[in-house]
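Readers should treat all values here as calculations from the given coordinates under stated rules, not as data from a laboratory. Computed from a predicted model, the values in this text were never measured in an experiment. Note: ideal-geometry Cβ built from the backbone for every residue, glycine included; neighbour counts use all protein chains shown.
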Amino acid sequence: MGTKRIGILTGGGDCPGLNAVIRAVVMRAAAGDTEVVGLRRGWRGLLDRDSLPLDTERVRTILPLGGTILGTSRTNPSREKDGMERSRASFKDLGLSVLIAVGGEDTLGVAARLSDEGMPLIGVPKTIDNDLQGTDVTFGFDTSVQIASDALDRLHTTACSHERTLVVEIMGRHAGWITLMAGLSGSADVILIPEYPVDIESVVQRIKRRYERGPRYAIVAVSEGAKLTGGEAKKAKALDAFGHVRLGGVGEQLAAEIGRRTGFETRSVTLGHLQRGGTPTAFDRILGTRFGVRACELALEGRTGLMVALRGTKIVPIPIQEAVASLKTVDDDLYKLAATFFS
Ligand code: F6P
């Protein structure tokens, strides 16, 4: 119904399940006799008109693959000279009738602006951080939680053998979803997330009590964006194109402080990009597939300015602006539940 050529891009940090979305869009479009072109490296591909044709043959085997066959970047068109105008011109020149943008708060923030300015856009919510509003969950989150939970299981046995405290730094820039869920699943003794700043001394006292009672080891799950009070100030770090601080280092800093104050041997482990790489879980493959099919159907119906979202068991379209208006952070109920298991 009017849609002749669908463009698709993946932007921001990569995330398990991106290829599931791309495959689903291409295969659903093929069933509707519609052409799909991929844009390379997120918004960079639109700015530079760097595209490749996508057909069913190209996407047939990509479902279990991590990363994105389109590549990604943190390019922000609004920070480039005439970036928004150039994006609109490229859209026309590439002969696109609709663009599907797969991304998190930054990529979808640009999509919301371009959509407001009249570009036909559909968003697909992607981020391991799970911090997008409007959808119960983003794809990639489940895989990331599983990886972090597996890591915590492994760290329990070695920490116990050596009577050590291990501080595990987990991704999640402004929201503690991965740390909280992995901490619950992997039975961390202390969980520290950005939403609930904690004084370092109270963490130290909890660990000391645990050693006194036994067992004489502890696992601390700390979100890379956690705010700790009562310790040394962190050093200033570099910013990305969306103005976000490149995080990392809180685990090491916290481990040093805990070791110094308790006298217990304390080490840190940073899970880093291990949490984003590799094959998606079955849940994320299915969610990515459902998002991709629905996004493509909206494109075929000529319905734009929307983002596909999971609400309960259904995939529904919501205004793209709803998803980027604010961040979805961990709520009180969930945090209180998790606190039941703190040392
Ligand atoms: O937004 C997803 C995320 O993995 C965050 O958890 C993390 O802070 C950030 O991306 C890291 O991004 P990069 O790999 O670009 O440094």
Sorted by Cβ neighbour density within 10 Å, fewest at the top, the residues E169, E257, E265:
E265, E257, E169
Remind me, relative contact order of the range 144-275 in percent, using alpha carbon pairs under 8 angstrom and six or more residues apart?
35
Which value in deg cm²/dmol, rounded to the nearest 500, describes the helix-derived mean residue ellipticity at 222 nm for the chain, given -39,500 (n - 2.57) per DSSP H run of n ≥ 4 and division by the residue count?
-12000 deg cm²/dmol
Could you calculate the contour length gain from R60 to A31, that is, 0.36 nm times the residue separation minus the distance between their Cα atoms, to one decimal place in nm?
9.0 nm
Between helix 250-262 and the chain, what is the angle of the helix's C-alpha long axis to the longest principal axis, kept within 0 to 90° and rounded to the nearest 10?
10
Given R₀ = 22 Å, what would the calculated FRET efficiency be for T313 paired with L334, taking r from the Cβ atoms and rounding to 0.05?
0.60
Measure nothing fancy, just the Cα-based angle from helix 200-213's long axis to the longest principal axis of the chain, in degrees from 0 to 90, nearest 10.
60
At 0.36 nm per residue, minus the direct Cα-Cα distance, what do K81 and A256 gain on full extension? Give it in nm, one decimal, please.
58.6 nm
At a Förster radius of 45 Å, what calculated FRET efficiency corresponds to the Cβ-Cβ distance of E201 and D150, to the nearest 0.05?
0.90
T34: net charge of surrounding residues, Cβ under 14 Å, Lys/Arg +1, Asp/Glu -1, itself excluded?
-2
Taking a crude spin-label model, label points 7 Å out from Cα along the C-beta direction, the E117 to A241 distance in nm is 1.4
Could you tell me whether the range 144-275 comes out rounded, prolate or oblate from its Cα gyration tensor? Rule is a ≥ b ≥ c as square roots of the eigenvalues, rounded for a/c under 1.5, then prolate if a/b exceeds b/c, otherwise oblate.
oblate
Using only the Cα atoms of the chain, build the gyration tensor, take square roots of its eigenvalues as a ≥ b ≥ c, and label the shape rounded, prolate or oblate: rounded if a/c is under 1.5, else prolate if a/b is larger than b/c, else oblate.
prolate
Between the range 5-24 and the range 274-343, what's the alpha-carbon centroid distance in Å?
14
What's the extension gain from E301 to T279 if we count 0.36 nm per residue and subtract their Cα-Cα distance?
4.7 nm
Considering Cα pairs under 8 angstrom that are at least six residues apart, work out the relative contact order of the chain and quote it in whole percent.
24
Please state the shape class of the range 1-77: rounded when a/c is under 1.5, otherwise prolate if a/b exceeds b/c and oblate if not, all from the C-alpha gyration tensor.
oblate
